[in-house]
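The values are calculated or read from the model by the stated rules, or taken from the named source; none is laboratory data. The shown structure was predicted, so the numbers you read here are calculated from the model rather than taken from an experiment. Cβ coordinates were reconstructed from backbone atoms using ideal geometry, including for glycine residues, and neighbour counts include every protein chain displayed. Ligands, DNA and RNA are stripped out before the accessible areas are found, and what is left, the full protein with its side chains, is counted by its heavy atoms. Shrake-Rupley method; radii C 1.70, N 1.55, O 1.52, S 1.80 Å.
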Amino acid sequence: MPQSMRALVAVMAGEPTDVLRLESRPVPTPKAGQALIRVKATPVHASDLHVLRGRYGFSPEFPAVGGNMECVGRIESLGPDTEGPKAGERVVATAIPAVPGPPSPAPGRNTSWPTPEGSCRYPTS
């Protein structure tokens, strides 16, 4: 498994083109009850843009990594005592708590669902 990953990081509030940077970050280690997902795709929502522009009622602590509310990918590894999808399985994950960007340590239960081949169209390599 790689030691680093790419993450889209907001360095401060402002217009996305001015404040977003693609950075290298260490790959997190999943804890008990978590799964590490190698993210293939994650959306940027209108609410993400409102937060960046300071128009959503709260401001994250900067630097902030986005892309952690929904994603599709594969389970990379599991933390101790984690139930749910197994390493290598394709998953769709939703409502992931804010964590350092993709791949994300996500609760392995109730938020990650196996995704049969052909049901979700993202590159498999």
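Could you give the nm distance between label points at V44 and M12, where each point is 7 Å from its Cα heading toward the beta carbon? In this crude spin-label approximation the distance works out to 1.9 nm. What is segment 1-70 by shape, rounded, prolate or oblate, if you read a ≥ b ≥ c off the alpha carbon gyration tensor as root eigenvalues and call it rounded for a/c under 1.5, prolate for a/b larger than b/c, and oblate otherwise? It comes out prolate by the Cα gyration axes. Close amide H pairs (under 5 Å, H built 1.01 Å from N) link V91 with G73, R74, I75, T115, residues at least 5 positions away or on another chain. Here segment 54-94 is described by how far its Cα atoms reach on the three principal axes: 39, 20, 15 Å, from widest to narrowest.
Largest first, how would V72, V11, V91 line up by accessible area (1.4 Å probe)?
I get V11, V72, V91, largest accessible area first.
Here the Karplus relation 6.51 cos²θ - 1.76 cosθ + 1.60, evaluated at θ = phi - 60°, turns the backbone of segment 27-35 into coupling constants of 6, x, 9, x, 9, 3, x, 10, 10 Hz, with x for every Gly and Pro.
Database remark: amide H of G33 closer than 5 angstrom to the amide H of G79, T82 (H placed geometrically; neighbours at sequence offset of 5 or more, or on other chains; Pro and chain starts carry no H). Protection proxy ranking of 75-88, 28-41, 51-64, by the mean of other Cβ atoms within 10 Å over each peptide's residues and highest first, is 28-41, 75-88, 51-64.
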